[in-house]
Amino acid sequence: MSNEILRLDNLKLHFDIGKNTSVKAVDGVNLTVNECEVMGLVGESGSGKSTIAYTLMGMYQQTGGDIIFDGQALERKKPRSKSFRRDVQIVFQDPGSSLNPHQSVKEILSLPLKVHKIVPKNQIEDKILEILEMVELPPDFMYKSPNSIGGGERQLVSIARALCSNPKFIILDEPTSSLDVSIQAKILNMLMKLQKEKRLTYIFITHDMGVMRNVSTNIAIMYLGKICEIATTRVFYESPLHPYTQMLLSAIPVISEEEEALKSKRIRSEGEIPSSVNVPSGCSFHTRCVFKSDICMKVDPEMKEVGPGHFVRCHMH
């Protein structure tokens, strides 16, 4: 598509952990993200969601496949370019470990402004005040350190740092999961407001299906290093097809009969997610699937388009 901004082609990342043994953290992922879209990347812990993010940022070097950003293939063995690091930013789950506790907020926000020459040196302080206002923090926060403010405020500083380079693409790696419920809604609302005002593209990584319903335009479900279903948010919640997707949706907690009526029928889980060191043969979900047949245990299904923009990797479809 003409508005495509990111494409992953058969992306793989395997970690060698011993003789002839590897962890297939990401194993043949194909994914397209379009401009101004919020792509939700959902799955249980260990499914490979964050590994995709870190590989995209260049923190890991992919084992195979290609990453194409803004029409340019990223070279595997070279550091990400300065222009890429300006255009693509990441907000980590834990702001306590991603911010330097020995620097003030002013120093933290000044660095990307200087590195990417966003404004002249004599305008840096004004720009910091502008960015703090964007994330709804008072001006005097620029003189505070991360250790002197709360967890929600630290995450707002992390978001402010990501905005400093005027990016067009931001990876949000579970940005609210470590925060109190009281601050989660405020940060989510602010992120969506910024996305619309600045026409940003997000990959929003989470395991919270309730959050995804409110923030994403498209959703991709990951299981053991592979994507098992991709759909628009509306189609995803109205017509989930993969048994794993149905299981996740049926487990969303609700507080009213009306909400219960909107949920998928209850799909029983038959155990825990297997180890990514010993991935089951055939379909990797067959050990937990109530619909499995003989072919599921022998042949790994291919991703198929079952409707416009709706892809599923399951022998049932």
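The values are calculated or read from the model by the stated rules, or taken from the named source; none is laboratory data. As the structure is a computational prediction, the values presented were derived from the model and not from experiment. So basically every Cβ, Gly included, is an ideal-geometry build from the backbone, and we count neighbours across all protein chains shown. In case anyone asks, the SASA skips ligands and DNA or RNA and just uses the protein heavy atoms, side chains included. Shrake-Rupley method; radii C 1.70, N 1.55, O 1.52, S 1.80 Å.
Values as computed for the structure displayed
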{"quantity": "Cut-off 13 Å between beta-carbons: net charge of the residues surrounding Ser216, Lys and Arg +1, Asp and Glu -1", "calculated": "0"}
{"quantity": "Beta bridges per DSSP with both ends in the chain, % antiparallel, nearest 5", "calculated": "60 percent"}
{"quantity": "The chain: most fluctuating residue of Gln246, Gln89, Gln103 per GNM, C-alpha cutoff 10 Å", "calculated": "Gln103"}
{"quantity": "Solvent exposure ordering (accessible area, 1.4 Å, most first) of His207, His116", "calculated": "His207, His116"}
{"quantity": "Choice from Pro243, Pro175, Pro138 with maximal GNM fluctuation in the chain (Cα, 10 Å cutoff)", "calculated": "Pro138"}
{"quantity": "With Cα atoms, 0 to 90° folded angle of helix 124-134 axis to the chain main axis", "calculated": "50 degrees"}
{"quantity": "Of Gln184, Gln72, Gln62, the one that fluctuates the most in a GNM where the chain has Cα springs shorter than 10 Å", "calculated": "Gln72"}
{"quantity": "Under 12 Å, Cβ to Cβ, from Val23 - net charge with Lys/Arg +1 and Asp/Glu -1", "calculated": "0"}
{"quantity": "Arg161 accessible area, 1.4 Å probe, all protein chains in place, Å² to nearest 10", "calculated": "60 Å²"}
{"quantity": "Members of Lys144/Lys193; Lys226/Lys298; Lys78/Lys196; Lys114/Lys168; Lys12/Lys304 lying beyond 21 Å, as alpha-carbon distances in this model show", "calculated": "Lys144/Lys193; Lys78/Lys196"}
{"quantity": "Degrees between helix 181-198 axis and first principal axis of the chain (Cα, 0 to 90, nearest 10)", "calculated": "80 degrees"}
{"quantity": "Local electrostatic count at Leu99 - Lys and Arg +1, Asp and Glu -1, tallied over other residues with Cβ under 13 Å", "calculated": "+1"}
{"quantity": "Whole-number D in µm²/s for the stretch 171-241 (Stokes-Einstein; Kirkwood sum over Cα pairs; 4 °C, 1.567 mPa s)", "calculated": "98 µm²/s"}
{"quantity": "Relative contact order (%) - criterion: Cα under 8 Å, at least six apart; region: the chain", "calculated": "20 percent"}
{"quantity": "Cα-based helix-to-principal-axis angle, 105-115 vs the chain, degrees rounded to 10", "calculated": "80 degrees"}
